[in-house]
1. Restricting attention to the stretch 78-113, which residues are within 27 Å of the chain's Cα centre (by Cα), part of a helix (DSSP H, G or I) and touching a residue at least 12 places away in the same chain (Cβ under 8 Å)?
2. Being open to solvent by 30 Å² or more (accessible area, probe 1.4 Å), within 23 Å of LYS366 (Cβ to Cβ), under 23 Å from the mean Cα position of the chain (by Cα) and at pLDDT 90 or above: is that true of LYS191 here?
3. Looking only at the stretch 33-43, decide whether some residue is under 24 Å from LYS156 (Cβ atoms), over 24 Å from the mean Cα position of the chain (by Cα) and β-branched (Val, Ile, Thr).
4. Test SER390 against the criterion of being part of a helix (DSSP H, G or I), in contact (Cβ under 8 Å) with a residue 24 or more places away in the chain and open to solvent by 10 Å² or more (accessible area, probe 1.4 Å), and give yes or no.
5. Using the structure shown, decide if ALA98 is at pLDDT below 95 and closer than 15 Å to MET200 by Cα.
6. For the stretch 428-481, name all the residues that are without any contact (Cβ under 8 Å) to a residue 24 or more places away in the chain, part of a helix (DSSP H, G or I) and not aliphatic (A, V, I, L, M).
7. Filtering the stretch 303-347 down to residues that are open to solvent by 80 Å² or more (accessible area, probe 1.4 Å) and acidic (Asp, Glu), which residue is modelled with the highest pLDDT?
8. Filter the stretch 348-382 down to the residues that are among the small types (Gly, Ala, Ser) and either assigned to a helix (DSSP H, G or I) or out of contact with any strand residue (DSSP E or B) (no Cβ under 8 Å at 6 or more places or on another chain) (or both), then identify the one that is most open to solvent (accessible area, probe 1.4 Å).
Amino acid sequence: MQLGLIGLGTMGANLARNAARNGATVAVYNRTKEKLDAFIEEHGKEGVFVACKTYAELAKALKPPRPILLMVKAGEAVDQVLKELLPHLQKGDIVIDAGNSHYRDTEKREAQLLEKGIHLIGLGVSGGEEGALKGPSMMPGGSKEAYAVLEPLLKKMAADDGSTLLPSRLGRAETGTTGGAKGKCVTYLGKGGVGHFVKMVHNGIEYGIMQLLAEAYHLLKVEGNMTNADIAQAFETWNGGYLHSFLVEIAAKVMREKDPDTKKDLIDVIKDAAGQKGTGKWTTDAAMHYGVAVPTITAAVDARIVSGGRDFRMQMSKHANLTKDTSVSYDKKVLIEMVRAALELSVLNTYAQGFQLLFVPSAEEKWSLNVSEVARIWRGGCIIRSDVLSIFQESFKGDEKASKEIRDRFSDERQLQWRRVVALGALHAIPLPALAASLTYFDAYRTAWLPQNLTQAQRDYFGAHTYERLDKPGSFHTKWQ
């Protein structure tokens with residue numbers, strides 16, 4: 001097995017080490033020689049590495065068909081590397097773009113490379129720096145022929161599905177891809193840019209769940225008057241059953257971390273302004289394009305944007321008149337259980353929105369995407385890994401028992417807890433954009449009649465856009481009085 005790798009940042013370096021530890025000869029290149037030398041000095045004994053100072057050396061170090069993985073910043077940097085690398089490649093070689101490229105850019109690059117007989121794999125990689133080293137979730141799309149060449153190495157590098165990091169606590173049997181055995185968190189997803197599209201949706205779900213956790217923290221801190229240690233304990237308790245996941249696990253750890261400089265809880269000295277790299281926005285853009293509602297993800301993107309305007313928020317907080325109704329309050333123990341229910345049901349909604357954003361484009365783009373397999377390869381290694389993904393996996397296979405298991409979580413009492421939490425936030429002037437959006441999504445898709453007949457009537461009134469009727473087929477226009 002062999003692999004060329006360009007870009008020795010944290011993720012690139014750890015993927016190179018991962019491949020080498022799994023028996024591959026890895027030819028590595030970095031734009032700056034200092035980082036290349038430092039990598040070889042620190043990790044050169046972990047496997048067979050070939051340090052390359054030029055693209056020509058990189059190509060020479062590999063045997064055709066050459067698999068070369070790019071781990072560089074998405075956008076122009078990818079195009080620039082391809083421009084400089086292509087003269088050293090030949091027909092049959094394989095370029096693997098493992099960054100967060102936009103799926104449309106991947107499709108364009110695939111077409112350009114195919115003109116020269118070179119394959120492109122758009123490879124979504126999730127798991128952060130630790131996952132890249134120990135086993136990420138990998139989402140490849142593009143050339144099926146090229147994937148067949150890469151598959152033996154990628155399967156060695158990928159995490160186990162149903163990883164031992166997340167043992168099942170739901171009482172369900174572990175199901176992998178072969179005879180009940182655990183599989184690996186990588187599978188060929190389809191042609192074109194589907195690999196990067198799936199990774200984009202993964203990141204959108206990640207945005208949504210992180211915002212939901214932030215809102216749970218807000219409620220427990222302000223309404224529950226709980227210390228960071230108390231909140232950490234709540235998160236640790238919740239990190240079982242249907243909320244057992246990597247993001248809940250690390251939320252608890254974050255709440256307990258101490259700042260070495262001030263000796264305070266680190267969370268209390270971190271600025272309340274969240275950054276973003278664009279994949280969440282891309283998810284909402286794609287949802288608009290394909291006509292799929294992803295309100296929790298959209299609310300999470302908006303929340304990060306609002307948090308970024310901290311100076312304006314600080315100014316407005318001094319002058320805005322916030323009217324509150326504090327007549328409604330709950331015992332701390334009751335509040336904790338209410339927030340837990342609201343978080344769980346909202347998280348389930350967030351996954352559902354993401355999966356819907358896979359089903360619809362798959363049909364339109366003719367990707368033939370196996371969404372059950374997507375749920376499976378997200379079960380280990382990646383940032384949104386969670387026990388509930390095993391239930392979604394079985395549900396998408398047609399297992400009615402699994403589908404009922406998800407539906408049963410939305411019991412009457414848990415729905416009421418969810419509604420009370422959202423109402424409490426509104427009454428007490430606590431912004432809960434993702435929790436509220438999730439509840440509204442749930443209500444809208446379970447309402448037989450919606451008031452958009454008025455919307456359609458108004459569209460016809462001012463723009464002659466026509467409307468359909470309930471009692472007979474066809475399009476109609478009224479000459480409104």
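1. VAL78, ASP79, VAL81, LEU82, TYR103, ARG104, ASP105, THR106, GLU107, ARG109, GLU110
2. yes
3. Checking the stretch 33-43: at least one residue is under 24 Å from LYS156 (Cβ atoms), over 24 Å from the mean Cα position of the chain (by Cα) and β-branched (Val, Ile, Thr).
4. So SER390 passes the test.
5. yes
6. Scanning the stretch 428-481 gives ASP443, GLN452, ASN453, THR455, GLN456, GLN458, ARG459, ASP460, TYR461, PHE462, GLY463.
7. Only one residue tops the list, namely GLU337.
8. Applying the filter and picking the extreme gives SER368.
The values are calculated or read from the model by the stated rules, or taken from the named source; none is laboratory data. All of these numbers come straight from a predicted model, not from anything done at the bench. Positions of Cβ are backbone-derived with ideal geometry, glycine not excepted, and every protein chain shown enters the neighbour counts. Ligands, DNA and RNA are stripped out before the accessible areas are found, and what is left, the full protein with its side chains, is counted by its heavy atoms. Shrake-Rupley method; radii C 1.70, N 1.55, O 1.52, S 1.80 Å.
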